[in-house]
Structure formats: structure tokens, C-alpha cells
């Protein structure tokens, strides 16, 4: 039924509460920072590494995830790719809860790779904010995602998203173009471990080989805004279009002019 009416469907991205998600005033962070002065982000990274028991290394790219540990979020694909990912010179911090197998698997991987992978099972709002701020990249390998919010939070915090190009993730993240320095993240389309690994590898290669590109990307993402004012205006426009289609243009004009009730 939905596919039959696909031509009538419209998608509107969520908005972000920038009073809560703001690195300049976030009370959970070790230091505030902004796009103009990123020195506080380095402090937040070291604090996150310390809190999660990872070596405090400024030079290593730190990848964050805050997610429900369920198949929708691509956690099974991440699990399949994780051993290869941890062969790279990176660090990963994961926060989430969900399917029991994921608790055991990721917990076990953290125990075997304590210098590169940290896992916290459960929900912790403070740590979620700290991961957004302390990460260099934010990974979302979702199988499907109607909109998503964490990729929007990560942009505000200067953490470059690495996402599977599906739903709202595809709509809200522009793929990095190394030739002209545009884009707001790194995207992959195929839902498999190879595509995930290759795209993380691309981001990590860019981190080590083209730090100026990482700085440009960071400025790009921190300039993005996804406001509820913009979303509300699109909802209002969509409602008006729906009413107009239902009533017909002439009757809608009379309704808008207040001549009929």
C-alpha cells in the first residue's frame, strides 16, 4: 500500500534542540569549544579516552557510536567488520544497549582490544554527550533510518559522520569530495562489512594523509544547522498542499481567504 502511494510521500528531517546540543555551553563536557576555537575539543577527546580506559593519544582518530544495539542500526554489520577495523590505527568507543548477543560480543572485543576499543552497555546521557564531543568521527551503519539524530548532533560537535546512505542519513550528510573540499561526511551504500570497512578506511586515510581536509570537513559540519523552525515550516507547507489537493485550488483559495469555514 505504501509503495503504491510512493508518489504522495514526503520526507521531512527532524530538528535539533541546539540549547541542549551545543559544545559551547554543554555542561557535560570537560571544556567548551566552537568552530572558531577547537582547543576544547582536544581536551574533550582526552577526557573521553581517559574515562573509557583508552590510551590518551591526540594523533589517533577516535570513532564514536551511540546506538541501540539492534539490527536496524547495522550493529550486525559492524560486528562482522570489527576485527578488521581494529587492525587499523584507530580507537572506537561504543555506547548502547539492545540484543544480548551484541552485549557479549562487543564486551568481549573490548576486553581483547583494550587499547583500541571501549564498550559501555546501557544508556548514559552524560557519556553520550561526551562521545559526541570527544570523537573525531561518528559512525552510523544503519540498515534503515527514517531520519536519525546522532549524525546531526555529531555535526554540531565537529565529529565527522560516517554513515550508510539510507533514509535521513543520506538526506542529511553530503559525501566528501576531496577535490574541492566540500561535503559533511563519508557515506557508503551497500550494507555489508566490506563497504563499511572501506569507508572507515577512507576516513582514516584522510585523517592521516590530508589533515587539512579534515579541518575543512570539521568547519563544514559545524556550520550545518537542522532547526525545528525549518522543519515546522516544511510541515506547514505540506499540510497546505494536502488541503489544497483535497479541496481543489478554487475552494482552497476561498478557505485561505476566510470566505468559507
(message) Looking at 167, 185, 194, 181 in this structure, which one is at pLDDT 95 or above and surrounded by fewer than 20 Cβ atoms within 10 Å (Cβ to Cβ)?
(response) 194
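Each row is one residue, and each column tells you yes or no for (1) closer than 22 Å to residue 168 by Cβ; (2) surrounded by 14 or more Cβ atoms within 10 Å (Cβ to Cβ); (3) within 20 Å of the chain's Cα centre (by Cα).
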| position | (1), (2), (3) |
| --- | --- |
| 11 | yes, no, yes |
| 15 | yes, yes, yes |
| 35 | no, yes, yes |
| 51 | no, yes, no |
| 63 | yes, yes, yes |
| 92 | no, yes, yes |
| 96 | yes, yes, yes |
| 99 | no, yes, no |
| 105 | no, yes, no |
(request) Considering only the range 50-65, state which residues are free of Cβ contacts under 8 Å to residues at least 60 places away in the same chain and part of a helix (DSSP H, G or I). (result) 50
(message) Against the condition closer than 20 Å to residue 97 by Cβ, assigned by TED's automatic domain parsing to the domain that holds residue 36 and under 13 Å from the mean Cα position of the chain (by Cα), how does residue 160 come out, does it pass?
(response) no
(request) Considering every residue within the range 131-139, establish whether at least one is more than 25 Å from residue 225 (Cβ to Cβ) and modelled with pLDDT of 95 or more. (result) no
(request) Output the number of residues of the range 71-88 satisfying the condition of being touching a residue at least 40 places away in the same chain (Cβ under 8 Å), touching a strand residue (DSSP E or B) at 6+ places or on another chain (Cβ under 8 Å) and either over 18 Å from residue 144 (Cβ atoms) or surrounded by fewer than 16 Cβ atoms within 10 Å (Cβ to Cβ) (or both). (result) 1
(request) Can you give me the ranges of the helices (runs of 4 or more DSSP H) entirely in the range 66-171 with at least 1 residues that are closer than 20 Å to residue 215 by Cα? (result) 125-134, 150-156
(request) Name the one entry in 110, 81 that is more than 24 Å from residue 58 (Cβ to Cβ) and in the same structural domain as residue 58 (by TED's automatic domain parsing). (result) 81
(request) Can you tell me which residue among 47, 115 is farther than 20 Å from residue 193 by Cα, out of contact with any helix residue (DSSP H, G or I) (no Cβ under 9 Å at 6 or more places or on another chain) and touching a residue at least 40 places away in the same chain (Cβ under 8 Å)? (result) 115
(message) Looking for something at pLDDT 95 or above and either outside the structural domain of residue 62 (by TED's automatic domain parsing) or in contact with a strand residue (DSSP E or B) (Cβ under 6 Å, 6 or more places away or on another chain) (or both) - is there at least one such residue anywhere in the range 205-217?
(response) yes
(request) Search the range 203-227 for residues that are closer than 13 Å to residue 173 by Cα and pair each with any residue that is assigned to a helix (DSSP H, G or I) when their beta-carbon atoms are under 6 Å apart and the residues are at least 6 apart or on different chains. (result) 221/155; 224/155; 226/152
(request) Could you tell me which numbered condition residue 147 fails, if it satisfies all but one of (1) surrounded by fewer than 15 Cβ atoms within 10 Å (Cβ to Cβ); (2) more than 25 Å from residue 80 (Cβ to Cβ)? (result) (1)
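The values are calculated or read from the model by the stated rules, or taken from the named source; none is laboratory data. Note that the structure is predicted; figures quoted are calculated from it, not measured. Ideal geometry is used to build each Cβ from the backbone, glycine not excepted, and the neighbour counts take in all protein chains shown.
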